[in-house]
Every structure is written in structure tokens, then in C-alpha cells.
1. How about segment 6-120: which helices (runs of 4 or more DSSP H) wholly inside it have at least 1 residues that are under 30 Å from ASP139 (Cα atoms) and touching a helix residue (DSSP H, G or I) at 6+ places or on another chain (Cβ under 9 Å)?
2. Looking for whichever is at pLDDT below 95, closer than 21 Å to THR4 by Cα and surrounded by 11 or more Cβ atoms within 10 Å (Cβ to Cβ) here; the options are ARG106, ARG50, ARG42. Which one fits?
Amino acid sequence: MKKTRFFTIGEAAERSGVAASALRFYESKGLIHSIRTDGNQRRYHAATLRTISVIRAAQQVGVSLNEIHSALSSLPDSRQPNKRDWERLSKRWASTLDQKILEMQRLRNNLDTCIGCGCLSLKSCGLFNPNDEVSSHGDGARFLIEGLNDEIKVSSST
């Protein structure tokens with residue numbers, strides 16, 4: 001019979017590359033779970049390392065903790081998640097991640113042009129955002145936030 005492996009908080013922190021305080025935070029938010037010893041010390045199941053890695057990867061690409069919590073709550077409590085469970089979670093995030101990829105591409109491709117933020121510091125700003133007209137659409141970098149580049153730039157130049 002295979003013995004289940006558990007890690008102390010220090011071991012889990014070291015193996016996952018996450019500070020112990022972050023593990024306690026994730027646990028307080030219901031993202032991961034531990035069992036307690038008789039001395040009230042946390043013990044994390046080895047499978048929790050994968051969950052921590054998924055949390056970190058999702059955070060790095062901009063998935064909110066609420067979205068992460070919602071997705072992780074779809075995983076089974078009664079057993080270790082298997083490949084199918086992780087595939088379902090992955091499909092659940094597909095459209096969100098696709099949208100974030102588009103936003104990052106838009107940022108990468110347009111940062112050297114007017115982004116509609118109101119600074120009017122680039123030569124192109126006078127053409128694409130004369131008198132900061134884009135501010136009527138809201139605050140921030142409207143061309144990046146809403147992808148308004150073509151729509152507003154065309155209407156501003158006509």
C-alpha cells in the first residue's frame with residue numbers, strides 16, 4: 001500500500017517556492033487545505049504542491065484570487081484531482097486566459113503609440129487623441145483597456 005506523503009509548512013514552502021506566509025494566506029482564503037497534527041501544526045498533502053503551482057501560475061498571468069478560488073472549488077474534495085479534473089479547470093479558464101493574452105499583445109504592440117491615457121506626450125497623441133477626447137470614454141489608457149484604438153482613432157481623424 002502506498003504511503004501518503006505530507007509536508008510541513010516549511011517543506012511545502014521550500015518545495016513550492018512560496019513563502020510560508022503565502023501558504024497561510026492561501027489557506028485562509030480557502031485555496032488550499034491542510035490537516036493539523038496533535039500539536040496544531042499544519043501538514044500539506046503532496047498533491048497540494050500542484051495546487052500551489054497552479055495558483056502561482058494563474059496569479060502570474062493575472063487571474064484574480066476570486067477566479068482561482070471559484071475554479072479550485074470545482075475540484076473534488078474526496079480525492080486527489082486527476083488529469084480530467086485539471087483539464088476541466090483548464091477549459092474553464094480558457095476564455096479568460098485568451099482575453100488576457102489579447103490584452104498583453106495589445107500592450108506589447110501599442111505601448112509606443114498613443115494609448116489614450118490623456119498624457120498627450122507623444123506626437124501621435126495629437127492625431128489620435130486631440131484635446132484628450134478619449135477621456136469621455138472613461139479614465140486610464142482607453143485604447144488599451146477597451147481596444148478602442150481603431151474605433152476612436154478612426155472617428156477622431158475624420
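The values are calculated or read from the model by the stated rules, or taken from the named source; none is laboratory data. Since this is a predicted model, take the numbers as computed values, not measurements. Positions of Cβ are backbone-derived with ideal geometry, glycine not excepted, and every protein chain shown enters the neighbour counts.
1. On the way: elements: 9-16, 20-28, 48-60, 65-72, 83-110.
Output list reads 48-60, 65-72, 83-110.
2. On the way: ARG106 fails: closer than 21 Å to THR4 by Cα; ARG42 fails: at pLDDT below 95.
Just a single option satisfies the conditions, and that option is ARG50.
So that you can scan it fast, the table gives a plain yes or no per residue for (1) within 30 Å of VAL54 (Cα to Cα); (2) of a type in the set (Asp, Glu):
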position	(1), (2)
LYS91	yes, no
ALA94	yes, no
LYS100	yes, no
GLU103	yes, yes
ASN109	yes, no
ASP112	no, yes
GLY118	no, no
LYS123	no, no
GLU133	no, yes
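Matching residues to (1) touching a Cys at 6+ places or on another chain (Cβ under 8 Å); (2) at pLDDT 95 or above; (3) surrounded by 13 or more Cβ atoms within 10 Å (Cβ to Cβ):
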| position | (1), (2), (3) |
| --- | --- |
| LYS3 | no, no, no |
| ALA13 | no, yes, yes |
| ALA22 | no, yes, yes |
| GLY62 | no, no, yes |
| LEU72 | no, no, yes |
| ASP85 | no, no, yes |
| LEU89 | no, no, yes |
